[in-house]
1. Can B:L691 be described as farther than 24 Å from B:Y109 by Cβ and within 11 Å of chain A (Cβ to nearest Cβ)?
2. Assuming B:P769 fulfils every condition listed in (1) within 14 Å of another protein chain (Cβ to nearest Cβ); (2) open to solvent by 10 Å² or more (accessible area, probe 1.4 Å); (3) not in a loop (DSSP other than H, G, I, E, B) apart from one, which condition is it?
3. Only one of these conditions is not met by A:A131: (1) open to solvent by 10 Å² or more (accessible area, probe 1.4 Å); (2) modelled with pLDDT of 95 or more. Which number is it?
4. Assuming A:E246 fulfils every condition listed in (1) under 21 Å from A:N116 (Cα atoms); (2) within 13 Å of chain B (Cβ to nearest Cβ); (3) surrounded by fewer than 24 Cβ atoms within 10 Å (Cβ to Cβ) apart from one, which condition is it?
5. Given B:V620, B:V663, B:V704, which one is touching a His at 6+ places or on another chain (Cβ under 9 Å), at pLDDT 95 or above, more than 14 Å from every other protein chain (Cβ to nearest Cβ) and open to solvent by 20 Å² or more (accessible area, probe 1.4 Å)?
6. Only one residue in B:A778, B:A760, B:A746 is open to solvent by 10 Å² or more (accessible area, probe 1.4 Å) and more than 14 Å from chain A (Cβ to nearest Cβ), so which one is that?
7. With respect to A:V201, determine if the residue is within 14 Å of chain B (Cβ to nearest Cβ) and touching a residue at least 12 places away in the same chain (Cβ under 8 Å).
8. Going by what's in this entry, would B:T321 be described as at pLDDT 95 or above and open to solvent by 10 Å² or more (accessible area, probe 1.4 Å)?
Amino acid sequence: MYEFSYHRPASVAEAAELIANAADGKLVAGGQTLLPTMKHRLASPSDVIDLGGIAELSGIVVNGNIVTIGAMTTHAEVAASSEVREAIPALAALAGNIGDPAVRNRGTLGGSIANNDPAADYPAAVIALGATVRTNRREIAGEDFFTGMFETALEEDEIVVAVDFPRPEAASYMKFENPASRYAIVGVFVARTAAGPRAAVTGATACAHRAFRIEESLQAGFGASALDGFEAPVDKMNSDIHASAEYRAHLVKVMAQRAVAACA
Amino acid sequence: MQENGIGASVRRKEDQRFLLGKGRYTDDINVEGQTYACFVRSPHAHAEIEGIDASAATAAPGVVAVLTGDDLAADGIGPLICGVTVTSDDGQPHRAPAHPALAQGKVNYVGDHVAIVIAESLTQARDAAELVEVNYRPLPAVASTADAANDGQQQIHEEAPNNICFNWPFGDKAANDEAFAGAHKVSSIDLVNNRMVTNPMEPRAALGEYNSGTEEITLHLTTQNPHVHRLVLAAFNQLAPEHKLRVVGPDVGGGFGAKIFIYAEELVVGWACRKVNRPVKWTADRTEAFLSDAHGRDHVTRAEMALDENGKFLAMRVLTTANLGAYLSTFATMVPSYLYAFLFAGQYTTPLIYSEVKAVFTNTSPVDASRGAGRPEATYLLERLVDVCAADMGLDPAEIRRRNFIPKDAFPYQTPVVQCYDSGDYEAALDQAMELADYAGFDARAEEARGRGKLRGIGLSSYVEACGIAPSAAVGQLGGGVGLWESAQVRFNPTGNVQVFTGTHSHGQGHETTFAQLVCDQLGVPFENIEVIHGDTAKTQFGMGTYGSRSLAVGGVAIAKACDKLIAKGKKIAAHAMEAAEGDIEFAGGNYTVAGTDKAMNIAEVAFNAYVPHNYPEGVEPGFDENAFFDPMNFSFPAGTHICEVEVDPATGEVEIVDYTAVDDFGKLVNPMIVEGQVHGGIVHGIGQALLEGCHYDKDGQLVTASYMDYAMPRADNAPEFKIDYAPTDPPHNPLGVKGCGEAGAIGAPPAIINAIANAIGAKHVEMPATPETVWRACQSAN
C-alpha cells in the first residue's frame, strides 16, 4: 500500500467537497474492492475519503411500495432486515449470499454498485427490480446506471446516497458461483411486476444488463417453460479460465429458468 | 494400557497455545535491529537480463542494501541443489542446470528471484524494490507439460537438450510387450494429473540473524526439517559451517510438503544478514506463495492394462511426461520416479509392469513433493484405469478389484516394481467400506436421485501407498543424498518429568500429543509430565524432519527405542536400590518391582537416584537420559478402500459429494482423534484436486491462478460428513505396529471422486479438476 491521506467526513456535502479538492481521491464505502487493490499496490489514491462516518447514508426505510436502502448499508444488514425480507425476499437472499461473512459485514450496497464489478450481484437486482439510484446530485434509473466494465453513469465525484427498490409481485435471483471467488459466473435476477416481467443478467457480459429477450419470452406466460426456446447470444458472453462463452450462455438460460420457477 | 497412552483420543496439548493465540510463528518473532526484505521477482516467464540498475533503489529512504546475483556469486554462495539422482536412459545422471538463488543473467519463470532489497521497514523495502530497474530481453516461454520436449521448442537450459531432465524407463519392456500382444483385451486411458499449488495457511518466511561475536548465523524458517535445511545450507550452499549455523522451525502453519525444500529466499536471507550485519526478515505474501512455492503433480499420462478373459491383470504400461518446472527443487527428481513408478502394482498382482517417465523443464515454478508426492499420481492413473478395465470387461468395479487383489496370505508381498509390501488385507477393507457405504443400496439411491433430476454415481478407489521412506542404504542405492533414519532423545529431569527431543517436526500433525502418549504408555509417566521438543537444531540432536507420513513410523520408533534404553538402565539402578538381582527386576506401568515380592520403585525415583547417585550401582553412569536412532528395514504400506458417492446436476455440471467412506489400514492407531483429523484433511485435499484446484499457466508462462479469486481451495461446504473406519493389519517390521496416515486421504480420494463422476454421467473419463464446465461438457458428449 502506498501512502495516502485519510478523511472521515460527517456529511455527504463534506465528502463531496473533499473528493472535489483531492488530487486523485477515492471514496471508500466498505472497501472490499478498493482496499485489496491498494494493498496489491494496483491503486494509489492521494486521498481516501471514508463514507463510514456519514449517518445519513445508512439505513433501510419502507415507504408504501418502495424499499429505500442507504448506500452505506451493509450486505449483512440487508440480509437480516425484516423489512427487506418481507418486501423483497429475493433481495435479502441475494445480499445474504454475497462473498463471505467478513465481506457481508463490511461491503455495502453503494460500494457494490458504484464499483460495478462485472460479476457483482447487486447490479442485477437494481436493474431487474427497476430501482432508482439516488445520488447527491440527481436520480438515475437503475437500468441506465451500469454502463460498462467497472463503469457507471456516475459523474466525477458524484456520490451514491441510496437506492429505491420498488416492491415486485415476486422475484428471485439465481447465481451460479465461481468455485474460487464465489462471485457470479452467471447470475440472473427475474421479477414479476405489475408492469410485466423484468430480468437482468450479471457475470455473463462486461457488466450487468437488462435481459430484454428473457422478458419478451416471459410476456407469454411467467413460467420456466416460456424460456425453452430462449438462447443467450454466445458472442456477447465473457470467456475466461472459469467458464467459456458457450457455457455462460447455457448457464444464463438455466439460471433464468430456475429463477422463474422459484418465483412461483 | 495407560490412561492417555496408546489408543486414547487425547486432546491435543498444542491446541492450548494455538487457541489462546500464543503460537509463535516465524513472522511473529521480532529482534532488535531487524530489517525487512523484499525480493525483486521476474515478471517474465523466460528472459535474459541485460542489466540491473539498483542505484535509485539503493538511494531510496531507509534502504540498507540491494543485493543481486553478482553479489551472491562474488561471495561464493552456491546454487540450490537437488538431492536425488535419477539415471537417464543414456546412462547419464539427470540433467541438473544450475539453480542460482538470485538470477545470474537469466530468469526462467514468473517469480524467479532477481534481487533482494533490505530496508528499515517493509514498506520502504517494497517501495525501493519498485525502483530496481531490470532490463529484460524476453524469450519465448515453454509452459505446456505435454509439448515441452517437442522438436523446435524454445530451449530453457543449455544442459538439458529438448528441455528433458531425464528419460527413465523402468521394467522389462520386451516381456511387457509380449504380454500385451497375447492379451484377451487391452484397456487404456489418457489422463492429466493436474498441477496444484500446495497452499499451507502460513506463507513461507525467514528471519536471519548473524552474531559477529560467535560468527554464528541463526535462521528461523518455515521448515518441515530444520536439520536438513542446516545440512544442505552448510554443506552445499556454503552459507556457514554446520556448527555455526542454527536453524529453528518454530510453530509452522502447515507444510504439506511445500516447506521441505531449501528455497532461494532462505539461503539469501541467511547470507544477507551476515553481509549487512543486521537481522533480516522476509515473509511471503500470498501472491509470492503462489508464484514461488514449489508446486505439485503436473503429469500427462497414458496408461494401459493387458487383461485375460477373466479380467485378471496380465501387464501394465505407463507413459508419463512429468513437469519439473524451471529448475530442480530439492527432491524434484524423486517424485515422478521412485515415489511414483514403485507404486504401480497398487493392491494388485499384476505380474509385469513397464513404465517410461520423461521429466521436462518448463518456464514455470519448480515442482516438487506435495502431500502424497508421486503416490497420488500413481494411484490416480491405476484406479482410473481399473475402472476402465471393469467397464471394458463388463464387471463391477468391486469385482474386478477382488479378482486382482494380492491375497492376505501373500504378505510380505514382493511386487514387480521394487517394493515389498509389509502387511495387508485388501479385501477386508473393501468389504468393510462397501458395507459402511451401503454399496448394495446404491441403485435405489440413484433411482431416487433421477427423480430429482440428478445423476448419482458411485466410485471406488483401493489404494496402497508407501510411507516412511527407508532403509537408508536403499535410499543411497537409489541416488538419494541422505539417510532416512530418525533420532530421539528421552531425558528425565531429576524431578521426574520428561523431555522428549525428536528429529521430526510438527507443523499441524499433533506430535506433541502423540509422542507424549507413546512415552506415557511405555514409561508410565503421567501424560502431563511429558514435553515434546522439536524444531531447533540447537536443542535436538539431529533429525530428518517430517514428510512422507514418516514421523510416527520412523520417529516414533526412535522414541520407543530411547525409552527401552532408559528402562534397561533403570533396572540396574532399581536393583541396587532395592537390593535385588537385576534379573529379578520387572518393569510395568512406571514401576520397577522385584519379582515375587511387594518391593516397588517408581521410575521417577529411579531418575532421582540417577541424578543424585548417593546410593548407586558401581559402573553405571549417572544421569537418566538416553538417545536412539532408528533406521527401518522397509517403508510402511498403508492401504485401504475409499468410496465416493456424487450427484451431478446435468444442466450445470455441478458435482456434489453426497457421501464419502474411507476404510484405511494404518496399523495401530496411537491417537484415533488425530488420525481421524488427518484422514479428513487428506480427503479434503483430494477433493480439492479432484473438483477445484487447477493451477493454470497461460501460453506465455503467466500464472493466471495466482490468487484465491481464481484458484479454488476446498472449503467446508465442499465436503460431506465422512464415514471413517479402519481395517488394521500388523506390519511385522515396525516395532510399534504403525504405518502412517498423513497422506492417505490425498492419495485415495481423487480417483474415488472421478470414478464416481464417470459412473454418474456414463463417461469413460473426466479430467481433474472436474469443474462444472468440464463435467457439463462431459455430460454433453456422454449423451
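1. When the stated conditions are applied, B:L691 passes them.
2. For B:P769, the exception is condition (3).
3. (1)
4. (1)
5. Checking each option against the conditions leaves just B:V620.
6. On inspection, the qualifying residue turns out to be B:A760.
7. No: the conditions fail for A:V201.
8. yes
The values are calculated or read from the model by the stated rules, or taken from the named source; none is laboratory data. Model, not experiment: these values are computed from the prediction. Backbone-built Cβ (ideal geometry, glycine too); neighbour counts: all protein chains shown. Calculation scope for accessible area: heavy atoms of the full protein, side chains included, ligands and nucleic acids excluded. Shrake-Rupley method; radii C 1.70, N 1.55, O 1.52, S 1.80 Å.
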